[in-house]
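Read through the structure below, which is laid out as structure tokens, and then see the notes.
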């Protein structure tokens with residue numbers, strides 16, 4: 001009996017190793033680095049304040065959209081927040097905030113304390129939708145044109161140089 005149990009465990013272990021080995025050859029579904037020049041597909045995200053679903057197709061109504069992925073627990077998100085507040089003044093840019101793996105109360109307090117720069121506020125409670133955008137850490141931001149083509153991806157907190165680059169890209173500098 002013991003021999004049968006050991007054989008079964010060995011077979012299961014070998015099966016798991018084979019599955020793992022096969023999966024190593026699979027291509028990643030998401031290109032987390034090279035998004036520039038690629039069009040964002042239709043993606044649905046939930047509104048931060050209610051159960052409304054927002055589709056990325058609605059961003060086509062704007063000349064430019066900056067999607068910013070952030071969380072209240074993220075120190076670098078706090079550091080980049082003044083840049084976002086300055087970008088809010090842009091006439092050609094819509095700011096979309098995606099609250100990432102955060103508690104609603106904490107996120108609300110963050111925006112109440114520092115100001116809300118976002119025209120549209122969305123949430124990604126489990127982080128699965130953000131992966132579709134190639135997000136693997138926060139803060140990250142993606143600048144889209146009217147056709148939803150990625151013009152620029154910013155990994156890490158936005159800095160003064162990024163602010164100037166965004167203004168240049170949208171023709172406000």
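The values are calculated or read from the model by the stated rules, or taken from the named source; none is laboratory data. Everything numeric here is computed off the predicted structure, so don't read it as measured data. Virtual Cβ from ideal backbone geometry, glycine too; neighbours counted across all protein chains shown.
Before moving on, here are some points about what is shown:
- Subset tally (residues that are under 19 Å from residue 170 (Cβ atoms) and touching a strand residue (DSSP E or B) at 6+ places or on another chain (Cβ under 9 Å)) for the stretch 87-146: 20
- Qualifying strands (runs of 3 or more DSSP E) (wholly inside the stretch 48-161; at least 1 residues being closer than 18 Å to residue 37 by Cα and more than 16 Å from the chain's Cα centre (by Cα)): 64-70, 140-145
- The listed residues are 168, 161, 172, and the only one of them that is under 23 Å from residue 82 (Cα atoms) and surrounded by 14 or more Cβ atoms within 10 Å (Cβ to Cβ) turns out to be 172.
- Scope the stretch 1-47; condition surrounded by 10 or more Cβ atoms within 10 Å (Cβ to Cβ), within 23 Å of the chain's Cα centre (by Cα) and modelled with pLDDT under 70; matching residues: 30, 31, 32, 33
- Flag for residue 75 being exposed (fewer than 13 other Cβ atoms within 10 Å of the Cβ) and touching a residue at least 60 places away in the same chain (Cβ under 8 Å): no
- Pair list, Cβ under 8 Å, 6 or more apart: the stretch 53-69 residue at negative phi and in contact (Cβ under 8 Å) with a residue 12 or more places away in the chain, other residue loosely packed, with under 13 Cβ neighbours inside 10 Å and part of a strand (DSSP E or B): 54/44; 55/44; 56/44
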